[in-house]
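Taken together, the values in this text are just the output of simple stated rules run on the coordinates, not laboratory data. As the structure is a computational prediction, the values presented were derived from the model and not from experiment. Backbone-built Cβ (ideal geometry, glycine too); neighbour counts: all protein chains shown.
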Amino acid sequence: MMESPTILRRMLVAILMGVALTGTAVISHSAQARGVEIVSVQSQGLGITQRDAVLDGVREAVSMVNGMAIASQTSLAELTTEVTTDTDSTFLMSSAFMEQVSTATSGIVEGYDILSSSEDASTGLVIVELSVRVARYTASKQLDRLRMALGAMRIDNNVQDRAAAAEFAEDLQDGVIDYLTQTRRFAMIDRQLMADTQAELNFVATANVPTRELARLGNQVGTDYLVVLELRDLFTTVSERKMATTNRVRRKTALTSEAGVRIIDVATSQIKFSGTVDSLGDKDYRDLARKASRAIGRYIQNAIYPIRIIAIDGDVLTLGQGGKTIERGERYSLIRLGERLYDPYTKESLGYQETAVGTVMITTVRAKQSKAEIETLDGADIATLTGYEYVVRPIEPAADAEMEAARERVKKAKDQVKSLKDKFDE
């Protein structure tokens with residue numbers, strides 16, 4: 001017996017509704033932008049019709065993932081597609097309607113599945129449960145590292161050449177940021193180019209940019225530690241020496257800088273670390289800034305994350321750091337770590353007991369690691385190195401002696417300037 005067209009149509013609608021309510025709809029979408037991923041969330045929608053309930057559930061899903069501000073900027077409320085009651089569920093799960101939803105959200109909603117649909121007996125409103133695929137910004141895993149930012153560098157009033165000091169301070173600050181970033185130990189948060197960053201975010205919020213890109217808003221992060229640098233001294237001295245055999249005069253230029261370093265816990269304003277770094281150069285202030293930034297970067301890193309030995313193969317050691325922070329030919333002290341030590345009064349950790357067991361020299365530098373060969377071992381044998389943890393710390397004895405000589409020249413020069421000033425004042 002042949003069924004009537006009306007019955008066949010109703011059977012077909014019922015089958016399609018069953019598929020729509022349980023299946024997964026697939027729609028085309030463009031490639032994801034870097035940092036933006038698609039996540040699935042479950043939401044509930046409420047409306048006079050099933051269509052209204054679905055749109056309400058989609059809005060709720062966007063709000064759950066990216067916040068109400070972004071949800072309110074979608075155009076879901078402007079969807080005015082007319083559908084009949086009999087084919088409502090079928091059309092709501094069709095590719096055509098999902099394309100409209102995707103367009104209304106500029107791609108921030110990739111698609112959805114209707115998990116269930118029912119009618120509230122007391123209000124007559126339709127309630128739907130949805131699984132919605134929403135674009136979300138994914139922060140870099142590097143933000144799991146200790147976050148640090150450099151504050152504006154201060155210049156002490158005792159520094160005479162203010163113009164040179166300002167230029168030196170800018171180069172120094174950039175160099176420290178570069179060094180700490182390349183250690184791959186810290187998540188360096190920018191505080192110098194915030195105006196440029198905000199201008200770009202303002203552009204993302206305009207109507208010219210797809211709504212999917214709005215997932216980038218509201219993701220700026222705070223910092224754990226603030227590094228504050230103070231330039232306390234910057235001086236140039238020129239010494240002359242007459243050669244007895246040729247009567248020629250040799251001039252030697254020495255540039256010195258003294259920088260104070262403070263690391264502040266942003267949450268509590270507690271000063272976690274404080275010290276002074278002296279640097280010496282013999283070319284110009286830009287070269288001195290490069291050397292000083294490297295010295296300060298090392299100083300900060302060694303205080304928090306000294307370079308670890310991650311593998312030992314005979315007399316060849318693998319260091320867990322590379323890039324531009326390490327150079328071939330550099331020499332380091334090899335330090336064996338012992339038990340953790342605690343302050344007897346405050347009970348705070350003082351780090352590990354350290355025992356110098358030898359020296360190593362860098363032979364190979366790669367992007368994320370480097371190799372070093374053991375030069376000397378003090379009272380230890382290569383075969384006994386395994387089974388312990390090690391770090392290395394830089395060796396710069398020659399620089400210390402040269403620095404003392406430069407300091408003496410600077411002191412004499414300052415005394416001469418002061419003496420001349422006093423005579424002039426008289």
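Length gained on full extension, Glu375 to Leu143: 79.8 nm, using 0.36 nm per residue less the C-alpha separation. What does the C-alpha gyration tensor say about the overall shape of segment 218-257? Classify as rounded when a/c is under 1.5, otherwise prolate if a/b is larger than b/c, or oblate. Prolate is the answer for segment 218-257, as a/c is 1.5 or above and a/b outweighs b/c. Length gained on full extension, Lys272 to Arg162: 36.6 nm, using 0.36 nm per residue less the C-alpha separation. Could you work out how far apart the two model spin labels at Arg250 and Glu389 are, taking each label as a point 7 Å from the Cα in the direction of the beta carbon, and quote it in nm? Here the modelled spin labels are 4.9 nm apart. When each of Met194, Met188 is scored by the number of other beta-carbon atoms lying within 10 Å, the sequence from fewest to most is Met194, Met188. Pairs to check: Lys141/Lys347; Lys252/Lys324; Lys272/Lys347; Lys291/Lys324; Lys283/Lys368; Lys272/Lys324. Give those whose C-alpha atoms are more than 23 Å from each other in this structure. In this structure, Lys141/Lys347; Lys252/Lys324; Lys283/Lys368; Lys272/Lys324 exceed 23 Å between Cα atoms. The modelled label-to-label distance for the pair Glu240/Tyr345, using points 7 Å beyond Cα in the direction of Cβ, is 5.4 nm. Extension gain for Ser118-Ala205 works out to 27.6 nm (0.36 nm per residue, less the C-alpha to C-alpha distance). Per-residue Cβ neighbour counts within 10 Å put Glu240, Glu230 in the sequence Glu240, Glu230, beginning with the fewest. When Leu172, Leu130 are sorted by how many other C-beta atoms sit within 10 angstrom of their C-beta, beginning with the fewest, the order is Leu130, Leu172.
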